[in-house]
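Asker: My questions will all concern the structure given below.
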Amino acid sequence: MAYSEKVLDHYEHPRNVGSLATDETDVGTGLVGAPACGDVMKLQIKVSAEGIIEDAKFKTFGCGSAIASSSLVTEWVKGKTLDEAAQIKNTDIAQELALPPVKIHCSVLAEDAIKAAIADYRKKHAHD
Amino acid sequence: MSAISIDKSLIGHAPGDPVYLDYQATTPCDPRVLDKMLPWFTLRFGNPHSRNHAYGWAAEEAVELAREQVAAIIGADSKEIIFTSGATESNNLALRGAALFNKDRKNHIVTVVTEHKCVLDTCRHLEQEGFSVTYLPVQTNGLIDLAQLEAAITDQTVIVSVMGVNNEIGVIQPLAEIGAICRKKGALFHTDCAQAVGKIPLDVNAMNIDLMSISGHKIYGPKGIGALYVRRRPRVRLVPMITGGGQERGFRSGTLPTPLCVGLGEACAIAKVEMVEEAAHLKFLSQRLLDGLKAKLPEIYVNGDLEHRIPGNLNISFAFVEGEGLMMGVKGLAVSSGSACTSASLEPSYVLRALGVDVEMAHTSLRFGFGRFTTEADIDYAIDHVIEAVSHLREMSPLWEMHLAGVDIKSIQWAEH
Ligand SMILES: Cc1ncc(COP(=O)(O)O)c(C=O)c1O
């Protein structure tokens, strides 16, 4: 399979690989996908008191497109509010990375990951 | 044949090309084979079936010599060799030809779940045409259970088809034992030996083989040629798939491609002489590769039996990294992956699944296939390259992180999508 320049770039130089402390109250964690399906994404956000995403980290088990999708999303969410970040659409990711049709599910998974991370953060703060 | 010393670095190694480690997919044509083929394209282009002039006679002689060379490597008589376009056609002719010929007497076929698609798909079609097929499972080492085979054969079984060597995991089935069982039970024994010929010793008589499929391009011969061994005593009868001028004893009509036949013959002749030495060299390379990877990478597993396998294949699962992602990381190598993502179906390898390899592990496998032109330097390069890629991807893998933290991946409720 031929990959786009952008996918290759993210694969070779992934942005924001790593982990944040899952237990911290200002961290939201999304873990989506399944090993049996060949891709798992863990996406974490660190949210400031003002509700701005100030840091994001990911780890992904998956093909190049999955790695690139999650890497791209960590770049995009930084500096956004939770509501803004929740607006990120898989179609935007797929378009930015020029994903072929068989790889669209990777962008869907990245969208799911950011939504899951936001939901996790909001759950921690449901009683604030 | 001349013992030319070949500069291995020039074959399959154009500058800048990845190192070729996909010898089960296909092999480069041996230059000695190509040399033998060339005159038959231009100067001696006659139709081997032309009986009226020297062009035809010369071509016929060349084709008959090739037939003898093919026969010799499997202990057959040259009259028992039918040239075909490759193992796919041979498998079709053997299974379909034997099934249809015997359809008024018997209607059952036995094969194995890990066979090549061209066997499985032919069986599926025969099922639609009214035959019943038993697909034997394999054990976790990839080998069939002989007691299960024996129990599966009934008096309705026309043919049993079990491959010699598996193309994905390189395991060798116990052909002699299978042949003995088939003979005892009165079923024909067909074996797809596309990956076995020239790699392991084969003897159609000692192994009671009735039909054997052979492919040129897996044994350093040209693509587009293969053969089917068809036993003459006791005579095996087949309905032909390609009808016409009645060439190849009526089993397969069509003008024989002289250069390709010559190439297949020469490939067999070379393999016959060099097999033992080559196997020892490949065993050394295989051990070097496995030791080199294991020294730096924990949690890697060889798929398929370690002992009953050809030395030119290692199928390895690298736990917690995904196969296609890994393939991208080893751009300097031409290898193949059992991962779903590399196939259109999005299903991980059916062969690995049949061994009982977990779906998640099946997603993490690479097939390393090496052969005649693989050098020690190629293997050393592969070791470094794979270690670097796997380490990089594990750094990035949430599953590796969980594994290191002592989390059992299986205990997590994953949302399968
Ligand atoms: C085990 C096995 N059988 C059959 C085939 C098909 O052979 P051919 O390409 O000669 O048709 C292959 C190769 O893909 C193979 O590995």
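The values are calculated or read from the model by the stated rules, or taken from the named source; none is laboratory data. Please read all numbers here as calculations on a predicted model, not as lab measurements. With ideal geometry, Cβ positions are generated from the backbone for all residues, glycine too; neighbour counts draw on all protein chains shown. Areas reflect the complete protein model, heavy atoms only, side chains present, ligands, DNA and RNA absent. Shrake-Rupley method; radii C 1.70, N 1.55, O 1.52, S 1.80 Å.
Asker: Looking only at region B:396-417, which residues are in contact with a strand residue (DSSP E or B) (Cβ under 9 Å, 6 or more places away or on another chain), surrounded by 14 or more Cβ atoms within 10 Å (Cβ to Cβ) and not aliphatic (A, V, I, L, M)?
Answerer: Result: B:397, B:398, B:400, B:401, B:414.
Asker: Residues that are on the phi < 0 side of the Ramachandran plot, free of Cβ contacts under 8 Å to residues at least 60 places away in the same chain and open to solvent by 50 Å² or more (accessible area, probe 1.4 Å): does region B:130-138 have at least one?
Answerer: Among the residues of region B:130-138, at least one is on the phi < 0 side of the Ramachandran plot, free of Cβ contacts under 8 Å to residues at least 60 places away in the same chain and open to solvent by 50 Å² or more (accessible area, probe 1.4 Å), which makes the answer yes.
Asker: Can you tell me which of B:99, B:76, B:71, B:87 is closer than 20 Å to residue B:229 by Cβ and within 16 Å of the ligand (Cβ to nearest atom)?
Answerer: B:87
Asker: Given (1) within 30 Å of residue B:382 (Cα to Cα); (2) at pLDDT 95 or above, where does residue B:63 come up short, assuming only one miss?
Answerer: (1)
Asker: Can you find a residue in region B:116-125 that is more than 15 Å from the ligand (Cβ to nearest atom) and surrounded by 19 or more Cβ atoms within 10 Å (Cβ to Cβ)?
Answerer: no
Asker: Within the bounds of region B:102-114, is there any residue that is more than 16 Å from the ligand (Cβ to nearest atom), acidic (Asp, Glu) and more than 14 Å from chain A (Cβ to nearest Cβ)?
Answerer: So far as region B:102-114 goes, yes, one or more of its residues are more than 16 Å from the ligand (Cβ to nearest atom), acidic (Asp, Glu) and more than 14 Å from chain A (Cβ to nearest Cβ).
Asker: Looking only at region A:30-52, count how many residues are more than 28 Å from residue A:3 (Cβ to Cβ) and either under 14 Å from the mean Cα position of the chain (by Cα) or open to solvent by 50 Å² or more (accessible area, probe 1.4 Å) (or both).
Answerer: The number of residues fulfilling the criteria is 4.
Asker: Counting just the residues of region B:88-108 that are in contact with a Ser or Thr (Cβ under 7 Å, 6 or more places away or on another chain) and more than 23 Å from residue B:217 (Cβ to Cβ), which one comes out most open to solvent (accessible area, probe 1.4 Å)?
Answerer: B:107
Asker: Name the residues in region B:286-304 that are open to solvent by 30 Å² or more (accessible area, probe 1.4 Å) and either of a type in the set (Gly, Ala, Ser) or not in a strand (DSSP E or B) (or both), would you?
Answerer: If the condition is that a residue be open to solvent by 30 Å² or more (accessible area, probe 1.4 Å) and either of a type in the set (Gly, Ala, Ser) or not in a strand (DSSP E or B) (or both), then B:287, B:288, B:291, B:294, B:295, B:296, B:298, B:299 are the ones that fit.
Asker: Of the residues that make up region B:307-328, is at least one loosely packed, with under 15 Cβ neighbours inside 10 Å and out of contact with any Leu (no Cβ under 9 Å at 6 or more places or on another chain)?
Answerer: Yes, region B:307-328 contains at least one residue that is loosely packed, with under 15 Cβ neighbours inside 10 Å and out of contact with any Leu (no Cβ under 9 Å at 6 or more places or on another chain).
Asker: If a residue has to be in contact with a Lys or Arg (Cβ under 7 Å, 6 or more places away or on another chain) and among the hydrophobic types (A, V, I, L, M, F, W, C) to count, how many in region B:368-392 make the cut?
Answerer: So the answer is 3.
Asker: Now, a different point. Quick test for you: out of B:127, B:115, pick the one residue that is acidic (Asp, Glu) and over 29 Å from residue B:305 (Cβ atoms).
Answerer: That would be B:127, the only listed residue that is acidic (Asp, Glu) and over 29 Å from residue B:305 (Cβ atoms).
Asker: Select from region B:335-359 the residues that are within 14 Å of chain A (Cβ to nearest Cβ), surrounded by 21 or more Cβ atoms within 10 Å (Cβ to Cβ) and at pLDDT 75 or above and list them in ascending order.
Answerer: Within region B:335-359, B:336, B:337, B:349, B:352, B:357 qualify.
Asker: Of all the strands (runs of 3 or more DSSP E) wholly in region A:1-88, which have at least 3 residues that are modelled with pLDDT under 95?
Answerer: In region A:1-88, there are no strands (runs of 3 or more DSSP E) which contain 3 or more residues that are modelled with pLDDT under 95.
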